[in-house]
Amino acid sequence: MLLVLRSCAEHYPPTVNQANLLAEAGLRVGIIDLSVDGALDALGPSIHRWRVHRMWNSKLEPPLPIGIRWTNWCRFCRACQSIIRTSRPRVVIAYDTLGSIFVKPDLRRYRTIYHFHELTGPEPQESFGPRRARLKAAQRSRRADLVVFSDAHRARIFQERVGLSALPKVVMNCPRRMEKLPSSPLRQHLALNTQHSTLNLQPSTQLVCYLGSIGADQGLVEAAVSMKHWPTDALLVLIGPASDTMKASILESASATPGAAQRVIFLGAFPHHEALALVVGADLGISLIQPNNESWLYSAGAINKRFEYMALGLPQVTTSGPGVSEIVEANQVGFCVEPRNPVAIGSAIRQLLDDAELRGRFSVSARKQHLERFNYEIQFAEVASWIASRCADAWPPGTTDCERRLPKATS
């Protein structure tokens, strides 16, 4: 089977999880994606990989010239066509709009899955190219064998918007099952590498951690403002890529509270398994996604870090939004707050930092929920079984039920 993602797979843990789980199940798996600077390879050794061209770094680089973008687009299109033709996959998974427009459903050759990380809808001032791609993805989704979303609200909205005959499958963006927690080098890392030489890091210093891409939609400016309500020695530790502009905005917001800016630590980006090992050493995690667009509003099952904190046994303060409370508060793993309200954010963080017994209960419940329900092995099981049955089918793709019942021709 073949996976098609017009990005770097390591930036999408669910894609990596799918590739590895399918390969571990004994399927021959290939992936078409993009390369990035630095050595990133979270895929199993048996997975064949085609990295078509280098991925643009949107946080650090200006937009590419139109000529280079068009050339890369054509290269990716040709690569998909050639690899599908020569490798003859039984099943192809195309991710998001930019994957689906390179993989059209073709029952004569393969089964098609469209897996959408984001909810595709019209964007403000949408140009002709993105509009055409979105409409084409919607049209093709009606002919795909399976459509998958990470959130139940997104799935229902997409079904109604596109006119799908069946509700898309929901596979929440959980991490792989963690039987044992890694030991954390976080405090040693902070002691050795902090950018603030005056920071007095003590064993009792409490750490509030964020894991993921650091941008305007993640509620980190509001979290920095909320430090006014935290214990005066608690640190905000940010693990992930960030632009200089975003760093400056967070530090400026923290500086409204005397001394708070010196307690904001940017550790930078790490390979995913190393980042998780760092985060497990924190006292609690935050995931304050701002509902600035439709996808962010309906993101209960889509936010990786929400489930990663659970896997690590980390209590969390997260967004109040459709479906979030049913995952977080109903399972007693953290608090949901209004993500635009620094007072509510700060009060929830303070309550957890001040109550070790409550943090302990949330931690035990988080690990239990992860092991029993919120892990990718369980979330992906139904779709993986569907894929395996199609890959094992002795009949070629496109064979009708009527043809299957006919006796085979003899020479």
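The values are calculated or read from the model by the stated rules, or taken from the named source; none is laboratory data. The structure displayed is predicted, hence computed values, not measured ones. When we count neighbours, we look across all protein chains shown, and the Cβ atoms used for this are built from the backbone with ideal geometry, even at glycine.
Points to keep in mind about this one:
- Condition met for Gly321 (within 19 Å of the chain's Cα centre (by Cα), without any contact (Cβ under 8 Å) to a residue 60 or more places away in the chain and outside any strand (DSSP E or B)): yes
- When region 210-231 is filtered for residues that are of a type in the set (Val, Ile, Thr) and in contact with a Gly (Cβ under 7 Å, 6 or more places away or on another chain), only Ile214 remains.
- Filtered by the rule that a residue be touching a residue at least 40 places away in the same chain (Cβ under 8 Å) and within 23 Å of Val364 (Cβ to Cβ), region 328-344 gives Gly334, Val337.
- The residue of region 331-341 that is surrounded by the most Cβ atoms within 10 Å (Cβ to Cβ), among those that are under 27 Å from Gly281 (Cβ atoms) and not β-branched (Val, Ile, Thr), is Gly334.
- Cross-chain or 6+ apart pairs with Cβ under 7 Å, region 202-223 first and in a helix (DSSP H, G or I), then among the acidic types (Asp, Glu): none
- Some residue of region 97-120 being surrounded by 20 or more Cβ atoms within 10 Å (Cβ to Cβ), in the same structural domain as Ala388 (by TED's automatic domain parsing), among the charged types (D, E, K, R) and not in a helix (DSSP H, G or I): yes
Every residue, every condition in (1) outside any helix (DSSP H, G or I); (2) in contact with a Leu (Cβ under 8 Å, 6 or more places away or on another chain), yes or no:
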| site | (1), (2) |
| --- | --- |
| Leu3 | yes, no |
| Ser7 | yes, yes |
| Pro14 | no, no |
| Asn17 | no, no |
| Leu21 | no, no |
| Leu27 | yes, no |
| Asp33 | yes, yes |
| Gly38 | yes, no |
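- When Ile101 is tested against (1) without any contact (Cβ under 8 Å) to a residue 24 or more places away in the chain; (2) within 25 Å of Val148 (Cβ to Cβ), exactly one condition is not met: (1).
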